[in-house]
Protein chains: 2
Amino acid sequence: MGFSFEILRRSADGARRGRLSTPHGAVETPAFFFCGTGGAVKGISVEQLSGCGTQGVLANTYHLHLRPGEEIVASLGGLHAMMGWSGPLFTDSGGFQIFSLGHGGVAQEIKCRRTANGSKTLLRIGEDGALFRSYVDGSLHTLTPESSIRIQKLLGADVILPLDECTPYHVNRDYTARSMERSHRWELRSLAEFQKNSDGTQALYGIVQGGVHEDLRKISCDFVVGNNFFGQAIGGSLGSDREEMEQVVAMVGRFLHPSRPTHLLGIGGVRDIFHGVRQGVDSFDCVHPTRMARHGGALLPGSLSDGTGHINLHSGRFARDREPIDRSCDCYACRTASRAYLHHLLRSRETLGGQFVTIHNVRFMNRLMEQIREAIETNSLERLEIAYR
Amino acid sequence: MGFSFEILRRSADGARRGRLSTPHGAVETPAFFFCGTGGAVKGISVEQLSGCGTQGVLANTYHLHLRPGEEIVASLGGLHAMMGWSGPLFTDSGGFQIFSLGHGGVAQEIKCRRTANGSKTLLRIGEDGALFRSYVDGSLHTLTPESSIRIQKLLGADVILPLDECTPYHVNRDYTARSMERSHRWELRSLAEFQKNSDGTQALYGIVQGGVHEDLRKISCDFVVGNNFFGQAIGGSLGSDREEMEQVVAMVGRFLHPSRPTHLLGIGGVRDIFHGVRQGVDSFDCVHPTRMARHGGALLPGSLSDGTGHINLHSGRFARDREPIDRSCDCYACRTASRAYLHHLLRSRETLGGQFVTIHNVRFMNRLMEQIREAIETNSLERLEIAYR
């Protein structure tokens, strides 16, 4: 019933096939976690989520703290009971949303929710923590490393994360270095708070910062590896484009603890997942599959989607298309609905349209991860990646 | 595989327990049909709908004609195949929406959809049919008795309805009488069009008009009974309040064909259903349960809801309520979610909130009808009605 991480197999290209055990069951890795935002994976029930073979959900402390509040979640038996989700569950620290909103957008989409008017809600950041304004009702809130851990203890997810500053790409190296040092001090405070009265039902991952700078990433990895975190997450800016991101993930992969579970925060593109897996990443989370679904974007291997990785079912070209999204997919949407029907539902603003496409995208990601795990076992990751191109 | 209607039992108070057989299966009556609007019961999948014990759906020809259009529905294999719904299906004629929109609201909520700006879309009504403007794109459309039947043949529902003018309450007796006579002529044209190349896969109900006037209702019932309609539907204005509606339904019940299946259009309140059942009504449809659900209204017996028949989960008084909507309900929502969680989802504008409440309301209506059927068998309808008060 406790936590463990077992590496079952390492492939020649750096990928690893593992098993992350939690009090709410095991996650076969590499795995993808769906964004559970404020206690719901947008648009679908946990029954549908399970039906798609989902292993885990990552919910946002920021949203849950503001609404309904961690006290109410705790009074309902914790986040698992409130949502009716009995499987593994992560929460983030709340930092990502505060800092993303606070730093004001710059082509940076906010995870799970955009600001209504683009106004900055981060009011002050200091050694103690961050002062910000609620997007729900404008009230003032302070988030500190200690309060984030206390909130996450009340939420009761299996894996929790320490508060860090998510430094954006456009700040300079000096700011990134100072911010990283502060995040390290925050992580130590988080660890101390976490260890108080810890009953073993939760595990804390450390977060690696350092932006795109190799020397900083090395310092940050050494910090995380040198402290008693159960797992390690790759955070902070991963650069401005895919090439830079791949460089950052690759360098961090080399410096990380070789036997701790490794999570890459906020990344969910198919190509990025293949790359991450080769750098030893064990789990991923991203709003991409579920957010795209709500806008009518159905995930498909690149070859079936003009290389974009999805088709936009809003497009008039699907108005008479009798095919399902993907003939080879076994999801409820593909067994039930034609592209023309989905197009019609989306055009008619029926929420059932988003529900169907979300089911497909969730199943797509879970199938992708199933196939990746199998490919690691059979040393055929490259062949699989080509099939997804 | 054809159509038949069998009355299995008549109770002393006028209620009847029957079985309506269609090419897509049998409906145990009295039964409730959920509004399938433009090819979707709003917010839930047909899998969820079936899981709640649903027997039938009534979709709107008006919406489907405007979007995606009957040709596309037919090319997808008809409405059953498009929706993935393999059970009994009704379509209305399109008249209700045209005339409701056309007569301009007057405290009359439009079925399944309100107009964006309250503007009138009915441009002309004459002997041939009605000219109206599409709410989707402003284009002009003519609906005639013949075209309504042709559209409904392409849609392919099991039970279809003839075009009639839905006379509003505020018009005088003279208008109602002339409108009724025209509707009768339209119904004869509909019957003629229906019988052309009829392959027995669809059945046509006649519609009784006549407003609140007993003599007109008698004339209209005689007309419908005297023609070769498979079933009979009660349409038109049912008055301005419950008392008047009960009078109208009761008088019509006396004049209708004693062995044809009888449908009461657009009525779905619990008390109204009990009353209708006693007048010999076999089936009902209404947007009420699903529309109310989207606005957070969960159906409950009156005694559990301050007599209103529902609780509004948006209300702050449910913010900490750990109970399910109804402890005695076996639906997925009541097995999974607390009122506090549903309140949170609705407040957060998560579509999952509406999905949950819709599942509950659908199950509530289906349980109600199951219990009504059982009560007819055991002559205990009155006791059941008291339990729902």
Checklist outcome for this item: All conditions in (1) surrounded by fewer than 20 Cβ atoms within 10 Å (Cβ to Cβ); (2) without any contact (Cβ under 8 Å) to a residue 40 or more places away in the chain; (3) under 18 Å from A:GLU370 (Cα atoms) are true of A:PRO258 except (3)
Next on the checklist: Considering only segment B:361-369, I want to know if a residue exists there that is more than 13 Å from every other protein chain (Cβ to nearest Cβ), part of a loop (DSSP other than H, G, I, E, B), crowded, with 22+ Cβ neighbours inside 10 Å and modelled with pLDDT of 95 or more.
Outcome noted: no
Checklist entry - Which of the residues that make up segment A:307-338 are assigned to a helix (DSSP H, G or I), free of Cβ contacts under 8 Å to residues at least 60 places away in the same chain and either facing chain B (nearest Cβ under 10 Å) or out of contact with any Pro (no Cβ under 9 Å at 6 or more places or on another chain) (or both)? => result A:GLY316, A:ARG317, A:PHE318, A:ALA333, A:ARG335, A:THR336
Checklist outcome for this item: Of the residues in segment A:317-330, those that are touching a His at 6+ places or on another chain (Cβ under 8 Å) and closer than 14 Å to A:LEU342 by Cα number 5
Checklist entry - How many of the residues making up segment B:80-96 are within 9 Å of chain A (Cβ to nearest Cβ) and in contact with a Ser or Thr (Cβ under 8 Å, 6 or more places away or on another chain)? => result 2
Checklist entry - Quick one: is A:THR358 surrounded by fewer than 18 Cβ atoms within 10 Å (Cβ to Cβ), touching a Gly at 6+ places or on another chain (Cβ under 8 Å) and either within 13 Å of another protein chain (Cβ to nearest Cβ) or not in a helix (DSSP H, G or I) (or both)? => result no
Checklist entry - Which residues, counting only those in segment A:26-45, are out of contact with any strand residue (DSSP E or B) (no Cβ under 8 Å at 6 or more places or on another chain) and either of a type in the set (Asp, Glu) or touching a residue at least 40 places away in the same chain (Cβ under 8 Å) (or both)? => result A:ALA40, A:GLY43, A:ILE44
Item to check | Test result for B:SER198, free of Cβ contacts under 8 Å to residues at least 12 places away in the same chain and among the polar types (S, T, N, Q) | outcome: yes
Checklist entry - Using beta carbons and a limit of 9 Å, which pairs, at least six apart or on different chains, have the first residue in segment A:272-287 and under 16 Å from A:GLY56 (Cα atoms) and the second one acidic (Asp, Glu)? => result A:PHE284/A:ASP272; A:ASP285/A:ASP92; A:CYS286/A:ASP272; A:VAL287/A:GLU109
Checklist entry - Which is within 19 Å of B:ILE234 (Cβ to Cβ) and either touching a Phe, Trp or Tyr at 6+ places or on another chain (Cβ under 9 Å) or not assigned by TED's automatic domain parsing to the domain that holds B:VAL249 (or both), of B:LEU191, B:LEU216? => result B:LEU191
Checklist entry - Given the residues B:GLY77, B:GLY104, which is the only one that is more than 14 Å from chain A (Cβ to nearest Cβ) and either at pLDDT 95 or above or surrounded by fewer than 17 Cβ atoms within 10 Å (Cβ to Cβ) (or both)? => result B:GLY104
Next on the checklist: Whether any residue in segment A:7-23 is closer than 28 Å to B:LEU342 by Cβ and more than 14 Å from chain B (Cβ to nearest Cβ) is what I want to check.
Outcome noted: yes
Next on the checklist: Looking only at segment B:226-265, how many residues end up being assigned to a loop (DSSP other than H, G, I, E, B) and more than 26 Å from B:SER380 (Cα to Cα)?
Outcome noted: 12
Checklist entry - Which ones in segment A:36-57 are under 19 Å from A:ILE160 (Cβ atoms) and either away from chain B (no Cβ under 12 Å) or charged (D, E, K, R) (or both)? => result A:GLN55, A:GLY56, A:VAL57
Item to check | Subset of segment B:204-233 [among the hydroxyl-bearing types (Ser, Thr, Tyr) and under 20 Å from B:ARG150 (Cβ atoms)] | outcome: B:TYR205
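Per-residue answers, yes or no, for (1) buried (at least 21 other Cβ atoms within 10 Å of the Cβ); (2) under 30 Å from B:THR22 (Cβ atoms); (3) in contact with a His (Cβ under 6 Å, 6 or more places away or on another chain):
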residue: B:ILE267; (1), (2), (3): no, yes, no
residue: B:GLY280; (1), (2), (3): yes, yes, no
residue: B:THR290; (1), (2), (3): yes, yes, no
residue: B:ARG294; (1), (2), (3): no, yes, no
residue: B:ASP306; (1), (2), (3): no, no, no
Checklist entry - Do we find a residue being within 17 Å of A:VAL73 (Cα to Cα), more than 12 Å from every other protein chain (Cβ to nearest Cβ) and surrounded by fewer than 24 Cβ atoms within 10 Å (Cβ to Cβ) anywhere in segment B:343-354? => result no
Checklist entry - Which of the residues that make up segment B:261-276 are in contact with an Asp or Glu (Cβ under 9 Å, 6 or more places away or on another chain) and of a type in the set (A, V, I, L, M)? => result B:LEU264, B:LEU265, B:ILE267, B:VAL270
Next on the checklist: Give me the residue from segment B:126-162 that is of a type in the set (Val, Ile, Thr) and surrounded by fewer than 18 Cβ atoms within 10 Å (Cβ to Cβ) and, out of that set, farthest from B:GLY231 (Cα to Cα).
Outcome noted: B:VAL136
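The values are calculated or read from the model by the stated rules, or taken from the named source; none is laboratory data. Quick caveat, the model's predicted, so the values are computed rather than measured. Because the Cβ atoms are built from the backbone with ideal geometry, glycine has one as well, and the counts that use them run over all protein chains shown.
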